[in-house]
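First up is the structure itself, then whatever we jot down about it.
Only the coordinates and a few stated rules stand behind these numbers; no lab work does. Remember, it's a predicted structure, so these values are computed and weren't measured experimentally. Every residue, glycine as well, gets a Cβ built from its backbone with ideal geometry; the counts of neighbours run over all protein chains shown.
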Amino acid sequence: MILLRLFFEFFKTGLFAVGGGMATLPFLYDIAERTGWYTTEMLADMIAVSESTPGPIGVNMATYVGYVTAGYAGSVIATLGLITPQIIVILLVARAMKAFRDHPLVDAGFYGLRPCSLGLIAAAGLLVVKLALFNTGLYSETGVLADLFNVKALALAAVLLVCTRYVKKLKSLHPIVFILASAVVGIAFSF
Amino acid sequence: MKLLWELFCAFARVGVMTFGGGYAMLPILEREVVDRHGWATEEELMDYYAVGQCTPGVIAVNVATFVGFKIAGNIGGIVASIGVVTPSVLIIMLISSILTNFADVPAVKSAFAGIRVCVCVLIFNAVLKLWKKAVVDKATLVLFLIVFVLSVFFKISPVWFVVLCAADGIALTRMGVRGK
């Protein structure tokens with residue numbers, strides 16, 4: 001029964017992939033090799049699609065693999081398999097946190113955790129900056145400093161920064177407005 | 001029941017607007033969960049992110065489960081988690097059934113190059129906003145810098161940072177360095 005196996009394989013992935021969507025990747029390669037449901041080349045395409053559609057990448061990958069393997073039912077089953085273990089784990093952790101949140105030791109732990117969390121977020125943000133605003137690939141080929149900067153993208157970033165931080169009327173808009181506007185600008189100026 | 005529906009819708013909105021993984025979701029999540037519904041504080045969101053780093057699975061779903069549980073118990077956790085994944089499941093199903101080379105369409109590529117720029121700015125704003133809550137004294141500033149620099153230059157599992165920083169927080173509090 002392929003649906004049952006799909007659920008089980010993704011349950012395992014969800015249980016052992018620690019640290020976000022990209023952590024599921026090694027597991028997906030492993031599944032491809034063991035089951036032959038899809039090839040590793042197909043995985044590369046899946047990553048591209050997952051990265052260019054909304055939603056958590058891990059979930060996108062599970063849906064895609066599920067669809068390729070067993071159609072619509074496969075999509076749903078693979079995704080449920082992926083998220084079931086983590087929902088159970090977090091419900092247990094949340095229960096424990098609720099009980100011990102005010103304990104001085106837990107409070108002290110979180111005092112150290114918050115700057116850590118922020119440091120990880122900032123580092124992840126820097127990765128996106130490198131990808132979106134700079135042509136590191138082109139620069140390493142040509143060695144011309146001007147090639148390093150993606151001028152169009154930097155200009156858009158500057159405009160967005162001003163709009164989201166300093167223009168009173170725009171500042172309070174939902175982030176999706178800026179995301180959609182950026183997509184339109186991207187197409188209009190062929191980023 | 002109404003609350004569960006609200007949870008589902010709020011997290012479905014988060015799911016549909018998240019481009020590029022769990023960290024990119026932070027600005028949207030702040031908007032929906034902190035500003036709009038007041039379901040959690042900014043500090044709590046950061047705590048959830050930290051815990052989500054060292055528990056298995058997708059971080060977006062971890063945060064959804066946390067917030068859902070806080071608001072409406074176990075069932076809330078499940079409903080919020082399903083909410084956050086529903087849009088992606090529908091979108092991917094649609095794309096895989098009609099377009100096999102979606103990611104190669106030039107317009108799609110350009111649109112996402114534009115979106116990535118926006119995501120940079122949104123994450124930058126979110127980091128500035130959270131800064132005040134996380135970096136409260138000299139010790140936390142040092143912790144932030146260490147984690148930031150090490151994770152930029154080395155490939156270290158976030159789990160180590162999380163475990164060591166929690167231990168550090170306890171040690172620093174014990175030593176009486178906290179707040180200075």
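Using the structure shown, list the pairs from A:Lys171/B:Lys132; A:Lys169/B:Lys132; B:Lys2/B:Lys129; A:Lys12/B:Lys70; A:Lys152/B:Lys133; B:Lys70/B:Lys155 with a Cα-Cα distance above 28 Å, or answer none. Show your work: numbers first, answer last.
Numbers: A:Lys171/B:Lys132 19 Å; A:Lys169/B:Lys132 24 Å; B:Lys2/B:Lys129 31 Å; A:Lys12/B:Lys70 26 Å; A:Lys152/B:Lys133 34 Å; B:Lys70/B:Lys155 33 Å.
Check vs 28 Å cut-off fails for B:Lys2/B:Lys129; A:Lys152/B:Lys133; B:Lys70/B:Lys155.
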Packing rank of B:44-50, B:113-119, A:68-74, where each peptide gets the mean count of other beta carbons within 10 Å, highest leading: B:113-119, B:44-50, A:68-74
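Normalized C-alpha radius of gyration of the stretch A:134-191, against 2.2 N^0.38 Å?
Values: Rg = 14.2 Å, N = 58, 2.2 N^0.38 = 10.3 Å.
With N residues counted in the stretch A:134-191, Rg over 2.2 N^0.38 Å equals 1.38.
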Local net charge near B:Arg116, Cβ-Cβ under 15 Å (Lys/Arg +1, Asp/Glu -1): +2
Within-15-Å neighbourhood charge of A:Ala188 [Cβ basis; K, R +1; D, E -1]: +2
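Note down the net charge around A:Leu131, summing +1 for each Lys or Arg and -1 for each Asp or Glu among other residues with Cβ under 15 Å from its Cβ.
Values: positive: A:Lys130, A:Lys152, B:Lys109, B:Arg116; negative: A:Glu51.
Combined, the nearby Lys, Arg, Asp and Glu give +3.
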- prompt: Given a Förster distance of 45 angstrom, what is the FRET efficiency for A:Ala158 paired with A:Thr40, based on the Cβ-Cβ distance and rounded to 0.05?
  reply: 0.65
query: To the nearest 10 degrees, how steep is helix B:59-98 against the longest Cα principal axis of chain B, on a 0 to 90 scale?
result: 40
- prompt: Points 7 angstrom from Cα along the Cβ direction at B:Phe154 and B:Leu94: gap in nanometres?
  reply: 4.5
- prompt: So, in Å, what gap is there between the alpha-carbon centers of the stretch A:65-114 and the stretch B:130-160?
  reply: 23
field: For the protein assembly as shown, the spread of Cα positions along each principal axis, largest first, Å
entry: 59, 56, 41
- request: Over the whole of A:151-164, what's the average partner chain Cβ count within 10 Å per residue? Rounded to a whole number, please.
  value: 3
statement: FRET efficiency for B:Arg36 and A:Ile2 from the Cβ-Cβ distance with R0 = 30 Å, rounded to 0.05, comes out at 0.15
- line: Correct semi-axes for chain B, from √(5λ) of the alpha-carbon gyration tensor and rounded to whole Å with the largest first, are 31, 22, 15
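State which helices in chain A qualify, where a helix is a whole DSSP H run, it must extend 27 Å or more along its own axis by its Cα atoms, and its mean Kyte-Doolittle hydropathy must be at least 0.0. Each step should come with its number before you reach the end.
On the way: long enough: A:57-100 (44 Å, 1.37); A:104-133 (43 Å, 1.43).
Span-like helices here: A:57-100, A:104-133.
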